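Working notes, structure below.
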Amino acid sequence: MPRDFGQLLEAALGMLRTDVPEAYARIAERLESAPILFDVDGREFLLCFDQGGHRLADPAGGRQVRVATDTGTILALLDDEISLLGSLRSGRLELAGSPGSVADFDDALNAFLAGAIRTTRAADLLKELRVTAREKGDETQ
């Protein structure tokens, strides 16, 4: 059974922490005060950072930004088939939070992408995400 988005995100962050620590540090810096509530394919989890690193937590905790989408849209974003703004305009992605928190999320997303392209292990996680999307029937390709 393929891992879901939360499990893949946790693996990707662990990979960045090891392989591209400066990207991981940038993400942690931007999100330390802005927990992100992800709702992907109907599964909610909270991504939190503190001095010890990152963790996925129960969504009942406080959040600064809420991101709701599906695996297919995440894949389209990673494949550069749709922009973040385009996914918002089309309703494929919902993003809610204060302007400052959303800006922090955007900075963290850019740091994540910049780090991911600098490690060869990201390709394996992307393949796994494609399997997850295919199983859910929402792959965009």
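The values are calculated or read from the model by the stated rules, or taken from the named source; none is laboratory data. Quick caveat: nothing in here was measured; it's all calculated off a predicted structure. Here the Cβ is made from the backbone with ideal geometry for all residues, glycine too, and neighbour counts use every protein chain on show.
Among residues belonging to region 60-90 that are assigned to a helix (DSSP H, G or I) and touching a residue at least 60 places away in the same chain (Cβ under 8 Å), point out the one that is nearest to the chain's Cα centre (by Cα). Walk me through how you get there before you give the answer.
Step one: filter region 60-90 for residues assigned to a helix (DSSP H, G or I), giving 71-78, 84-90.
Then keep just the ones that are touching a residue at least 60 places away in the same chain (Cβ under 8 Å); that gives 71-76.
Values: 71: 10, 72: 13, 73: 11, 74: 8, 75: 11, 76: 13 Å.
Checked region 60-90; the qualifying residue nearest to the chain's Cα centre (by Cα) is 74.
So, residue 135, is that one in contact (Cβ under 8 Å) with a residue 24 or more places away in the chain, more than 15 Å from the chain's Cα centre (by Cα) and not in a loop (DSSP other than H, G, I, E, B) or not?
yes
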Those residues of region 1-44 which are touching a Pro at 6+ places or on another chain (Cβ under 9 Å) and within 23 Å of residue 117 (Cα to Cα), in sequence order: 8, 38
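Is one or more of the residues making up region 27-50 among the aliphatic types (A, V, I, L, M), in contact with a helix residue (DSSP H, G or I) (Cβ under 9 Å, 6 or more places away or on another chain), farther than 16 Å from residue 128 by Cα and surrounded by fewer than 19 Cβ atoms within 10 Å (Cβ to Cβ)?
No, the conditions are met nowhere in region 27-50.
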Can you name every residue in region 28-49 that is without any contact (Cβ under 8 Å) to a residue 60 or more places away in the chain and part of a strand (DSSP E or B)? 37, 38, 39, 40, 43, 44, 45, 46, 47, 48, 49
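When you scan region 101-132, how many residues do you find that are part of a helix (DSSP H, G or I) and in contact (Cβ under 8 Å) with a residue 40 or more places away in the chain? Full working, then the answer.
Quick first cut of region 101-132, residues part of a helix (DSSP H, G or I) only: 101-116, 122-132.
Checking the rest, the ones that are also in contact (Cβ under 8 Å) with a residue 40 or more places away in the chain come to 101, 104-105, 107-108, 111-112, 114-116, 122, 125-126, 128-132.
Count: 18.
Determine which member of the set 104, 79 is acidic (Asp, Glu) and either loosely packed, with under 15 Cβ neighbours inside 10 Å or at pLDDT 95 or above (or both).
Numbers: 104 fails: either loosely packed, with under 15 Cβ neighbours inside 10 Å or at pLDDT 95 or above (or both).
None of the others qualify; the one that does is 79.
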